[in-house]
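The next block holds one structure in the form of structure tokens; read it before the comments.
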Amino acid sequence: MKRFLREHWGTLLVIAGLALGYMLLRTPDSGVESAEQLVADLSAGNVSVIELYSNG
């Protein structure tokens with residue numbers, strides 16, 4: 001095991017950095033369960049940021 005870590009420490013460091021970056025920089029869950037709930041929140045005057053994206 002020590003030999004493996006000694007030979008691949010750079011690769012493991014990059015993987016750990018990517019995992020840490022993902023966990024720290026990802027967009028958190030909005031908590032809006034449905035479109036109706038979003039409309040109700042907007043109608044109540046709650047401030048909202050709507051992010052739209054397309055996979056196409």
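Each value in this text was obtained by applying a stated rule to the coordinates, not by laboratory testing. If you're wondering where the values come from, they're calculated on a predicted model, not measured in any experiment. Neighbour counts are summed over all protein chains in view; Cβ atoms, including those assigned to glycine, are modelled from backbone coordinates with ideal geometry.
Loop only per DSSP, at most 14 neighbouring Cβ atoms within 10 Å: give me the GluC sites (Glu not before Pro) in the chain, ordered by residue number.
Glu33, Glu51
As a check on your grasp of the helix formula, calculate [θ] at 222 nm for the chain: sum -39500 (n - 2.57) over DSSP H runs of n ≥ 4, divide by the residue count, round to the nearest 500.
-19500 deg cm²/dmol
Just subtract the alpha-carbon distance of Leu24 and Asp41 from 0.36 nm times their residue separation and send over the number in nm, one decimal.
Additional length available on full extension: 3.4 nm.
So which trypsin sites (Lys or Arg not before Pro) in the stretch 1-55 end up in coil per DSSP with only 14 or fewer other C-beta atoms within 10 Å?
Arg26
Just in the chain: which chymotrypsin sites (Phe, Trp or Tyr not before Pro) are loop by DSSP and have at most 11 other Cβ atoms within 10 Å?
Hits after loop and neighbour filter: Tyr53.
Among (1) 43, 12, 9; (2) 22, 18, 5; (3) 52, 7, 5, which one is semi-axes √(5λ) of the Cα gyration tensor in Å computed from these coordinates?
(1)
If you take every residue apart from Ser30 with its C-beta less than 14 Å away from the C-beta of Ser30, what net charge results, scoring Lys and Arg +1 and Asp and Glu -1?
Overall, the nearby charge balance is -3.
Any idea how far the Cα center of the stretch 7-22 sits from the one of the stretch 30-49, in Å?
38
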